[in-house]
Amino acid sequence: MKKIILLAILVMLVISLAGCAEKEAEIPKYAKPSETIQETTTVSEQQLELLKTVTHAEVWVYGRNWDEDAENDGIALYIRLLDEKDEIVKFRDVNLPVEIEMYTLKYDNGKPIREGLMYKGNATMTSWKDGSLGGSGIRIPFEDINFADVTKAKEGIRYEVFVKVQLPDGRVVEAKKTGNTKWWFYG
C-alpha cells in the first residue's frame, strides 16, 4: 500500500513539474531597445556548419495578441534564414543577435524614402522556429513603437522594418519589409 501511495505522489509531482515547464516555454520574447548586441555563445560544429549555408534572410511583420483580451498587443517579427535554394536553414540552440529598425516611409516619385524612426532595438533568435508563423517570433509591444499620431497609425502609416542578423562566422544577413500599420491593429 505504501508503494502505491508513493507511486501516486511521484506521478502527481511529475505532472505538476511538467505543467511548470510548459508555462516557462510560453514566456514571450520581446525585443529590447538598446545600443549593444549580445555575442553568440559556443555552439556545436554541426550547427556552425549548418549556419554557414545561410545566404540571405526574409522578415514578415504581423500584428499579434499575446494576452487574454481580444486586441492586438503589438507586432511580431518572423525572420527566416534561407540558403541558396530559398529553403529555411533549420538551426537550433544558437543565440543569434538581431538588430531591428523601423521607419515611417514617404514616397517621392514612387521611390520610398525613410522618414521617421519608429523603433530601434535588439533581440536574439535561438532557433529557426523563431521565424515560423507558428512560433512566437520577436515581439514588440505597441507601447515601444513611436507612433507620432496613433489615430493616423490605425488608419495606416507606410513603414519599413529593417533587420540585421549576425551569424557565428561574422557574416551579417539583412532583410527588410514594407507594409501598412493598419493591419497591425485589426489582425
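The values are calculated or read from the model by the stated rules, or taken from the named source; none is laboratory data. Predicted model only: the values in this text are computed from it and were never measured. Cβ coordinates were reconstructed from backbone atoms using ideal geometry, including for glycine residues, and neighbour counts include every protein chain displayed.
Quick notes on this one:
- Any chance Arg139 is farther than 18 Å from Leu50 by Cβ, surrounded by fewer than 18 Cβ atoms within 10 Å (Cβ to Cβ) and basic (Lys, Arg): no
- Beta carbons closer than 8 Å, at least 6 apart along the sequence or on distinct chains, pair a first residue in the range 85-112 that is over 21 Å from Gln47 (Cβ atoms) with a second that is part of a loop (DSSP other than H, G, I, E, B) and at pLDDT 90 or above for Met102/Ile145.
- Verdict on Asp130 being acidic (Asp, Glu), touching a residue at least 24 places away in the same chain (Cβ under 8 Å) and crowded, with 18+ Cβ neighbours inside 10 Å: yes
- Residue within the range 145-167 that is within 16 Å of Tyr62 (Cβ to Cβ) and of a type in the set (Phe, Trp, Tyr) present: yes
- The number of residues in the range 124-156 being in a loop (DSSP other than H, G, I, E, B) and under 16 Å from the mean Cα position of the chain (by Cα) comes to 7.
- Every residue from the range 69-119 that is in a loop (DSSP other than H, G, I, E, B), touching a helix residue (DSSP H, G or I) at 6+ places or on another chain (Cβ under 7 Å) and either among the hydroxyl-bearing types (Ser, Thr, Tyr) or within 18 Å of Val59 (Cα to Cα) (or both): Val89, Lys90, Phe91
- Enumeration of residues in the range 157-176 that are assigned to a loop (DSSP other than H, G, I, E, B) and either of a type outside the set (Asp, Glu) or touching a strand residue (DSSP E or B) at 6+ places or on another chain (Cβ under 8 Å) (or both): Ile157, Leu167, Pro168, Gly170, Arg171
- For Ala175, the criteria (1) more than 17 Å from Leu82 (Cβ to Cβ); (2) within 15 Å of the chain's Cα centre (by Cα); (3) at pLDDT 95 or above; (4) not charged (D, E, K, R) hold in every case but one, which is (1).
- Failed item in (1) touching a helix residue (DSSP H, G or I) at 6+ places or on another chain (Cβ under 6 Å); (2) closer than 13 Å to Leu77 by Cβ, with Ile138 passing the rest: (1)
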